[in-house]
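Engineer: Below: one structure in structure tokens.
The values are calculated or read from the model by the stated rules, or taken from the named source; none is laboratory data. Values in this document were obtained by computation on a predicted structure and should not be read as measured data. As a convention, Cβ positions derive from the backbone with ideal geometry for all residues, glycine included, and neighbour counts pool all protein chains shown. For accessibility, only protein heavy atoms count, side chains too; no ligands or nucleic acids. Shrake-Rupley method; radii C 1.70, N 1.55, O 1.52, S 1.80 Å.
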Amino acid sequence: MQNKLTHRLSFWEKDIFVPDFDFAVIGAGIVGLNAALHIKYLRPHAKVAVLERGILPIGASTRNAGFACIGSMTELLNDLKQMPEEALWALVKKRYNGLQRMIAKLGADVIQYEHYGGYELFSPEDQSLFDDCLHKMEAFNQEMKAITGLENTFTLADQDLEHTGFANVKHLVLNKAEGQLHPGKMMKALLDLCREEGVHVFNGFQVQQIEEEETCVRLISQENWGVRANQLIIATNGFTHQFLPDLPLKPARNQVLITAPIPGLPLKACYHYDAGYYYFRNVGNRILLGGGRNLDPKGETTTDFDTTPLIRSSLEDLLSRVILPNQPVSIEQWWSGILGIGPVKSPIIKKHSPRITLAVRMGGMGVAIGTLVGEEAADLAVKTF
């Protein structure tokens with residue numbers, strides 16, 4: 001077993017690498033990096049640090065499926081059971097505007113953004129759910145036009161079924177506002193931009209303890225290093241319970257696979273299945289497929305990055321039975337990511353105390369909403385600086 005690193009910072013390290021900061025952000029994901037970057041735009045001379053426990057920004061930002069999505073019809077219908085209509089459409093607007101803001105900030109080519117649209121699949125057993133979608137489609141499109149500017153954001157797309165090769169799928173509904181991107185390229189571009197603007201990004205800095213004092217916030221690392229900042233933003237999403245166990249937020253693991261290249265793959269879009277509990281897309285000529293946490297809600301409320309036989313087998317079954325029926329395919333890689341969810345899908349963006357701001361609970365929509373959540377949290381922190 002390796003010995004724990006216990007050495008104290010030298011004068012040189014403290015003076016140059018870990019000075020006192022004006023602002024510190026815990027979490028180098030989409031939200032945290034956007035928060036740090038926005039602070040530098042608002043206060044160019046401020047000392048800003050991002051503290052990330054992993055060598056990479058581990059969590060969900062580099063481990064998601066790369067869906068640039070704002071919500072399928074069945075997801076939105078389900079959300080209406082949890083929140084008022086006005087709140088739902090305000091949230092969808094924030095997702096859409098967040099995507100546009102992120103694309104404009106980083107560049108569509110840089111993040112490999114592809115505007116192919118997003119489809120929702122309905123099996124014959126889903127007929128009543130499909131009928132609910134048809135019944136609501138006109139009203140939803142009126143709301144979506146005010147947000148996206150598009151006519152008929154949601155459209156019936158059964159004519160596209162013959163090109164997919166899907167089995168046991170009766171209907172398709174297209175969301176024209178959705179697309180897909182490369183999460184790795186997105187996060188690298190954000191990190192590069194932060195460093196260009198002078199943000200100090202510390203990887204491998206696992207914050208163990210937060211101590212709010214009268215004049216600063218002290219952040220104690222696993223190595224017992226102390227970092228002081230005037231203002232702190234917590235952007236740890238599904239891992240926030242470590243610091244704030246009573247917050248209405250819990251982790252949710254999503255398991256993902258990607259296949260080896262498939263010659264002649266006809267699919268080129270994002271797809272949602274079983275009310276959004278499963279999702280898949282093309283990555284070039286590969287299939288990326290994830291989801292299934294509804295099979296074991298309690299077991300998937302975890303920050304453990306393992307994959308499990310139950311969900312792996314359900315994803316493999318969906319791949320061979322519905323997506324690529326009777327077609328041999330090799331699975332090349334498995335992984336999982338940790339989301340932050342709660343009783344509603346709206347994020348938590350608020351002052352927790354005079355020196356601590358929260359920017360957590362992305363509800364599985366971090367790619368879409370993370371840019372604006374980070375910027376709003378930065379605005380709050382700067383106001384009280």
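Engineer: Could you please state how large a percent of the accessible area of the range 4-146 is carbon and sulfur, counting protein chains only and using a 1.4 Å probe?
Structural biologist: 54 percent
Engineer: Give me the Debye-computed log₁₀ of I(q)/I(0) at q = 0.18, 0.23, 0.29 Å⁻¹ for the range 141-193, equal point scatterers on Cα only, no solvent, two decimals.
Structural biologist: -0.77, -0.85, -1.02
Engineer: Please sort 247-254, 355-362, 133-140 by packing, taking for each peptide the average over its residues of neighbouring beta carbons within 10 angstrom, highest first.
Structural biologist: 355-362, 247-254, 133-140
Engineer: What is the sum of charges around Asn175, taking Lys and Arg as +1, Asp and Glu as -1, for the other residues whose C-beta is under 12 Å from the C-beta of Asn175?
Structural biologist: -1
Engineer: What list of ³J(HN,Hα) couplings, whole Hz, do you get for the range 240-253 from phi and the Karplus terms 6.51, -1.76, 1.60, once you set θ to phi - 60° and write x for glycine and proline?
Structural biologist: Ordered by residue, 3J(HN,Hα) equals 5, 4, 4, 9, 9, x, 8, 5, x, 7, 9, x, 9, 8 Hz.
Engineer: What Kirkwood radius, in Å to one decimal, follows from the Cα pairs of the range 247-385?
Structural biologist: Its Kirkwood hydrodynamic radius stands at 16.9 Å.
Engineer: A further question follows. Tilt of helix 183-196 relative to the longest C-alpha principal axis of the chain, in degrees (0 to 90, nearest 10)?
Structural biologist: The angle comes out at about 30 degrees.
Engineer: Cβ under 9 Å from Tyr116's Cβ, Tyr116 left aside: what net charge do those residues give with Lys, Arg +1 and Asp, Glu -1?
Structural biologist: 0
Engineer: In 5 Å bins starting at 0, how do the alpha-carbon pair distances of the range 30-119 split up by percent?
Structural biologist: Per 5 Å bin, starting at 0, the Cα pair percentages come out as 2, 10, 15, 19, 19, 17, 11, 5, 2, 0.
Engineer: If you don't mind, there's one more thing I want to ask. What is the sum of charges around Tyr277, taking Lys and Arg as +1, Asp and Glu as -1, for the other residues whose C-beta is under 10 Å from the C-beta of Tyr277?
Structural biologist: Around Tyr277, the charge tally is -1.
Engineer: Using a probe of 1.4 angstrom, how much of the accessible area of the range 164-233 is carbon and sulfur, in percent?
Structural biologist: 41 percent
Engineer: Another one. What does the accessible area of Ser128 come to, in Å² to the nearest 10, when a probe of 1.4 Å is used?
Structural biologist: 80 Å²
Engineer: Continuing with this model, one more query. Could you give the accessible area per residue of the chain, probe 1.4 Å, as a whole number in Å²?
Structural biologist: Ligands and nucleic acids excluded, the result is 45 Å² per residue.
Engineer: Between Arg8 and Asp296, with labels modelled 7 Å along Cα→Cβ, what's the label distance in nm to one decimal, could you check?
Structural biologist: Here the answer is 4.7 nm between the modelled labels.
Engineer: Moving to a separate point now. What three numbers, in Å, describe the spread of the alpha carbons of the range 316-363 along their principal axes, ordered from the longest?
Structural biologist: 59, 22, 10
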